[in-house]
Amino acid sequence: MGFEVHRFQGEVDEELLCPICSGVLEEPVQAQLCEHAFCRACINEWINRQPTCPVDRAPITSAQLRPVPRILRNLLARLCIGCDNTIYGCQVVVKLDCLVAHLDECEYNPKRPMPCEQGCGLIIPKDELNGHHCIRELRSLIQSQQQKLTDVKRELGEQQFQINEQKREIHLLKDFMRAMRVSNPAMRAIADQMERDEVVRWSATLPRARVTRWGGMISTPDELLQVKTMIKRTLSEYNCPPHVIDELMENCHERKWPPGLNSLETRQSSRRQYENYICKRVPGKQAVLVLHCDNTHMPEDMMVEPGLVMIFAHGIE
């Protein structure tokens, strides 16, 4: 509803009054065709009862309302209005476009947010300060936060249950497809493609790694059983597709590496190509993954499916 006329200093032009509430226009809009201006709240309430202009009875809908011209907005902004808190003692008169800013800071505003100075530090409305009790309010705040925490935990539990169910269904589907691929070539091709796509998606979640010292590569990690076990556990924790974990770990030894890497001599002759590898970091470990899906640009004698695990003594960033 519009601003009460008596709150303004001097006369107010009739063009600035709402035909519905007779107050000074508040959030003004106008009808698209007849261009009569109204308070937004007034005209919306009017249209809900009867979709016609209150002035000339022309058909009108909410969708046909438009902002008033800038000149009308400027005339409204220049009007001088008394503060809403006059009844509480404020005598300030401001331009209409400054009223909201003034109300936020008005010292007479009974709802002005104020910090409690008794110790709790809560921000509360000014008119509630006298009845404020720190311990009671803090206890209520703690209970509210505990309830929110309980609700969040419940929602997380429900979401985790749904995720687990979806994972179970996916595992069942994969098991079914593996069983079907034995006897059905078409199903075998679909299942193989799905597994390749799964590796590609997983690879996209891993951080890139840079090898600064290829000479630190451990090509025969036979005695690093504990390290290999930790790397395998890390891959599993970071959602490595189960169907490639064992194969990746087997490929950490040079006997499983491609021809360009499977001996010291071939590695020395191929060392200029190392920088072309796209490597992914095994989180928290001095090891990288060189996945086939990331390195299709490499020569065949430098890659193997589904990829390599390279363990280093040092030199991983």
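Do we find a residue being part of a loop (DSSP other than H, G, I, E, B), over 30 Å from residue 25 (Cα atoms), in contact with a strand residue (DSSP E or B) (Cβ under 7 Å, 6 or more places away or on another chain) and not assigned by TED's automatic domain parsing to the domain that holds residue 24 anywhere in segment 90-112?
no
Would you pick out the residues in segment 2-51 that are surrounded by fewer than 17 Cβ atoms within 10 Å (Cβ to Cβ) and either outside the structural domain of residue 67 (by TED's automatic domain parsing) or within 18 Å of residue 80 (Cα to Cα) (or both)?
4, 5, 6, 9, 10, 11, 13, 14, 15, 22, 27
Yes or no, residue by residue, for (1) at pLDDT below 90; (2) in a helix (DSSP H, G or I); (3) in contact with a His (Cβ under 9 Å, 6 or more places away or on another chain):
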position: 12; (1), (2), (3): yes, no, no
position: 29; (1), (2), (3): no, no, no
position: 44; (1), (2), (3): no, yes, no
position: 57; (1), (2), (3): no, no, no
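Does segment 222-235 include one or more residues that are crowded, with 19+ Cβ neighbours inside 10 Å, under 32 Å from the mean Cα position of the chain (by Cα), at pLDDT 90 or above and of a type outside the set (Gly, Ala, Ser)?
No, segment 222-235 contains no residue that is crowded, with 19+ Cβ neighbours inside 10 Å, under 32 Å from the mean Cα position of the chain (by Cα), at pLDDT 90 or above and of a type outside the set (Gly, Ala, Ser).
Within segment 272-287, is there a residue that is among the aromatic types (Phe, Trp, Tyr), under 14 Å from residue 308 (Cβ atoms) and in contact with a Ser or Thr (Cβ under 8 Å, 6 or more places away or on another chain)?
Of all residues in segment 272-287, those among the aromatic types (Phe, Trp, Tyr) come to 274, 277.
Those still in the list that are under 14 Å from residue 308 (Cβ atoms) too: 274, 277.
Pick out the ones that are also in contact with a Ser or Thr (Cβ under 8 Å, 6 or more places away or on another chain) and you get none.
Looking through segment 272-287, none of the residues is among the aromatic types (Phe, Trp, Tyr), under 14 Å from residue 308 (Cβ atoms) and in contact with a Ser or Thr (Cβ under 8 Å, 6 or more places away or on another chain).
Residue 240 - would you say it is modelled with pLDDT of 85 or more and closer than 25 Å to residue 268 by Cβ?
On the way: modelled with pLDDT of 85 or more: yes; closer than 25 Å to residue 268 by Cβ: no.
No; evaluated as a whole, the condition is false for this residue.
Determine whether residue 124 is modelled with pLDDT under 75 and either in contact with a Cys (Cβ under 7 Å, 6 or more places away or on another chain) or hydroxyl-bearing (Ser, Thr, Tyr) (or both). Break it down into steps so the answer makes sense when it comes.
On the way: modelled with pLDDT under 75: yes; either in contact with a Cys (Cβ under 7 Å, 6 or more places away or on another chain) or hydroxyl-bearing (Ser, Thr, Tyr) (or both): yes.
Spelling it out, residue 124 is indeed modelled with pLDDT under 75 and either in contact with a Cys (Cβ under 7 Å, 6 or more places away or on another chain) or hydroxyl-bearing (Ser, Thr, Tyr) (or both).
Would you say residue 241 is under 14 Å from residue 306 (Cβ atoms) and not basic (Lys, Arg)? Please lay out each step first, then the result.
Numbers: under 14 Å from residue 306 (Cβ atoms): yes; not basic (Lys, Arg): yes.
Judged against the criteria, residue 241 is a match.
Cβ contacts < 7 Å: first residue without any contact (Cβ under 8 Å) to a residue 24 or more places away in the chain, restricted to segment 33-53; second residue hydroxyl-bearing (Ser, Thr, Tyr) and in a helix (DSSP H, G or I), any location; separation 6+ or different chain. Result?
44/62; 47/62
Name every residue in segment 1-10 that is assigned to a strand (DSSP E or B) and touching a Gly at 6+ places or on another chain (Cβ under 7 Å), in order of residue number.
Initial filter on segment 1-10 (assigned to a strand (DSSP E or B)): 3, 8.
Of everything in segment 1-10, just one residue is assigned to a strand (DSSP E or B) and touching a Gly at 6+ places or on another chain (Cβ under 7 Å), namely 3.
Go through segment 14-27 and give me each residue that's at pLDDT 90 or above and not in a strand (DSSP E or B). Quick ask: steps written out before the conclusion?
Taking segment 14-27 first, the residues at pLDDT 90 or above are 16-27.
Selection gives 16, 18, 19, 20, 21, 22, 23, 25, 26, 27.
Search segment 98-124 for residues that are at positive phi and pair each with any residue that is outside any loop (DSSP other than H, G, I, E, B) when their beta-carbon atoms are under 8 Å apart and the residues are at least 6 apart or on different chains.
Qualifying pairs under 8 Å: 119/134; 121/115.
Taking segment 223-264 only, how many residues are within 18 Å of residue 280 (Cα to Cα), of a type outside the set (Lys, Arg) and in a helix (DSSP H, G or I)?
15
Just need a number here: residues in segment 258-317 that are farther than 24 Å from residue 227 by Cβ, among the hydroxyl-bearing types (Ser, Thr, Tyr) and surrounded by 13 or more Cβ atoms within 10 Å (Cβ to Cβ).
So the count comes out to 2.
The values are calculated or read from the model by the stated rules, or taken from the named source; none is laboratory data. Note that the structure is predicted; figures quoted are calculated from it, not measured. Note: ideal-geometry Cβ built from the backbone for every residue, glycine included; neighbour counts use all protein chains shown.
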